[in-house]
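The values are calculated or read from the model by the stated rules, or taken from the named source; none is laboratory data. Remember, predicted model here, so these are calculated numbers, not experimental data. Neighbour counts run over all protein chains shown; Cβ positions are idealised from the backbone, glycine included. Only protein heavy atoms, including side chains, enter the accessible area calculation; ligands, DNA and RNA are left aside. Shrake-Rupley method; radii C 1.70, N 1.55, O 1.52, S 1.80 Å.
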Amino acid sequence: MKLDIIGDIHGCYDEFKELTVKLGYQWDTGIPIHTAGRKLGFVGDLTDRGPRSLKVIDTVWKLFKEDAAYYVPGNHCNKLYRYFLGNNVKILHGMETTVEELGKLPETEIERYKEMFIELYESSPLYQRLDSGKLIIAHAGIKEEFIGKQDKRVKTFVLYGDITGETNDDGTPVRRDWAFDYKGEAFIVYGHTPFSEVREINRTYNIDTGAVFGGNLSALSYPEMTIESVKSSMPYIAEKFRDVNPDRKQRTLK
């Protein structure tokens, strides 16, 4: 199994395309396909905040239909799914950009994206267990004892991280940094919390390097465990990033 797992895209379609080309994918058919048979993996949060969320949805859905990618939902994906189902969700924390994109389309196109995303979401697992369990892709990560389980507690952890019940000033939840305590054998590849660079701790790899906040869009290649990144074109917002420092046992992420 050979995969290139891409961090949180958040509507940064141009960076996504640039990164896949850098990884050796060709777009001759309108979607990134690798001549050597490699597949793409996505840690979720395809949409919101960035400029081209719908184009990202369209591309990942087509890859999914071609069996050319593995996708897991993130918390933003879950919110968009509930929005498409007609649930009462707050259009906040970046969802405004996706709703604005949809609002510029005719009703038939909105319905097409709705059906597309619902199919992608409902057909994908909460987290991916790949390569005979040696590799796990989960949006916000997963504790060793949760692997193989699918209950509500696991869902909350996978989508939102190890939340404390407290909230930050911007309304987002305070989370414990679970990776410091991970002792499992499987490699865990995740995103959700933007770091200034890919962070490796205890066989866990956080590959969200804040593309939508002006950082990089990064990919981890498996089984090589190598990193490739492209610079974001978005404005840089320093306060959105966490420092990469494995020696500092920071137990909460604010």
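Here are a few things to note about the model shown:
- Put simply, the amide H of Tyr71, placed in the peptide plane, has neighbours under 5 Å in Phe42, leaving out anything fewer than 5 places away on its chain.
- Normalised contact order of region 3-253, rounded percent, pairs of Cα under 8 Å and 6 or more residues apart: 21
- Global geometry of region 98-225, whether rounded, prolate or oblate, following the gyration tensor of its Cα atoms and the 1.5 cut on a/c: prolate
- Here the accessible area is traced with a 1.4 Å probe on the protein chains. For region 145-216, carbon and sulfur cover 44 percent of it.
- In order along region 182-195, phi translates into HN-Hα couplings of 6, 10, x, 8, 6, 6, 10, 10, 8, x, 6, 9, x, 10 Hz, rounded to whole numbers, per the Karplus curve 6.51 cos²θ - 1.76 cosθ + 1.60 with θ = phi - 60° and x for Gly and Pro.
- Annotation: the antiparallel percentage among DSSP beta bridges lying fully within the chain is about 60.
- Helical content of the chain, expressed as a calculated mean residue ellipticity at 222 nm, amounts to -8000 deg cm²/dmol (DSSP H runs of 4 or more residues, -39,500 (n - 2.57) each, divided by residue number, nearest 500).
- The distance separating the Cα centre of region 179-207 from that of region 35-73 comes to 21 Å.
- Protection-proxy order for peptides 210-221, 176-187, 3-14, each taking the mean of Cβ atoms within 10 Å per residue, highest first: 3-14, 210-221, 176-187
- Separation in nanometres of the label points that stand 7 Å from Cα toward Cβ, at Met225 and Glu119: 3.8
- Relative contact order of region 99-170, defined on C-alpha pairs under 8 angstrom at six or more residues apart (%): 21
- Portion, in percent, of the accessible area of region 23-135 that falls on carbon or sulfur, probe 1.4 Å: 48
- Residue-normalised accessible area of the chain, given per residue in Å² at a 1.4 Å probe: 46
- When the Cα gyration tensor is reduced to axis lengths a ≥ b ≥ c, the ratio a/c stays below 1.5 for the chain, which is therefore classed as rounded.
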